[in-house]
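The block underneath contains the structure these notes are about, expressed in structure tokens.
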Amino acid sequence: MQNIHLYGIPNCDSVKKARTWLADQGIAYVFHDFKKEGVPADLLPGWLQAVGRDKLLNRKGPTWRKLDPALQASVQDDASAGAVALAHSSVIKRPLVVWSDAQVTVGFDAETFAARVA
């Protein structure tokens, strides 16, 4: 498979697992580091449409918990979710993978990855 794009933060355990799994399978991918490269604003609406804001935003993680309660409460639609994700990239569930067929998944699960590359 070609043109797999993996988005995340290099020190995230789930991202590490996903990168290791892909490398162990000999599968090439492009890694996009949210901390160094930011969240691609042009791709974010497509991600929101593909997986939904409830799945895209990690509301259980430390970054979300540290946000002001008023900001958390303001996330009512894709536009507000996108604004928070752009401002606080660590609230995006990781890894976010855009597969070669343009399908989007979030999180790492070996079975899901294996099915995607089969």
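The values are calculated or read from the model by the stated rules, or taken from the named source; none is laboratory data. Worth saying up front: this structure is predicted, and the values here are computed from it rather than measured. When we count neighbours, we look across all protein chains shown, and the Cβ atoms used for this are built from the backbone with ideal geometry, even at glycine.
Counting only helices (runs of 4 or more DSSP H) that sit completely within the range 1-77, those holding 2 or more residues that are crowded, with 17+ Cβ neighbours inside 10 Å, in contact with a helix residue (DSSP H, G or I) (Cβ under 6 Å, 6 or more places away or on another chain) and not basic (Lys, Arg) correspond to 44-51.
In this structure, does Pro95 turn out to be modelled with pLDDT of 95 or more, under 12 Å from the mean Cα position of the chain (by Cα) and surrounded by fewer than 16 Cβ atoms within 10 Å (Cβ to Cβ)? Show your work before the answer.
Working: modelled with pLDDT of 95 or more: yes; under 12 Å from the mean Cα position of the chain (by Cα): yes; surrounded by fewer than 16 Cβ atoms within 10 Å (Cβ to Cβ): no.
Spelling it out, it is not the case that Pro95 is modelled with pLDDT of 95 or more, under 12 Å from the mean Cα position of the chain (by Cα) and surrounded by fewer than 16 Cβ atoms within 10 Å (Cβ to Cβ).
The single condition among (1) of a type outside the set (Val, Ile, Thr); (2) on the phi > 0 side of the Ramachandran plot; (3) at pLDDT below 95 that Ser100 does not meet is (2). Within the range 1-47, being closer than 17 Å to Thr112 by Cβ and among the β-branched types (Val, Ile, Thr) holds for Ile4, Val15, Thr20, Ile27.
Residue by residue through the range 97-113, note down the ones that are free of Cβ contacts under 8 Å to residues at least 40 places away in the same chain, part of a helix (DSSP H, G or I) and either in contact with a Phe, Trp or Tyr (Cβ under 8 Å, 6 or more places away or on another chain) or not charged (D, E, K, R) (or both). Across the range 97-113, the qualifying residue is only Thr112.
Screening Lys17, Lys36, Lys60 for residues that are of a type in the set (D, E, K, R) and touching a residue at least 12 places away in the same chain (Cβ under 8 Å) leaves exactly one candidate, Lys17. Within the range 81-96, the presence of at least one residue that is in a strand (DSSP E or B) and in contact (Cβ under 8 Å) with a residue 40 or more places away in the chain is confirmed. Residues in the range 1-50 that are among the small types (Gly, Ala, Ser) and either touching a Cys at 6+ places or on another chain (Cβ under 7 Å) or within 21 Å of Asp101 (Cα to Cα) (or both): Gly8, Ala18, Ala23, Gly26, Ala28, Ala41, Gly46, Ala50.
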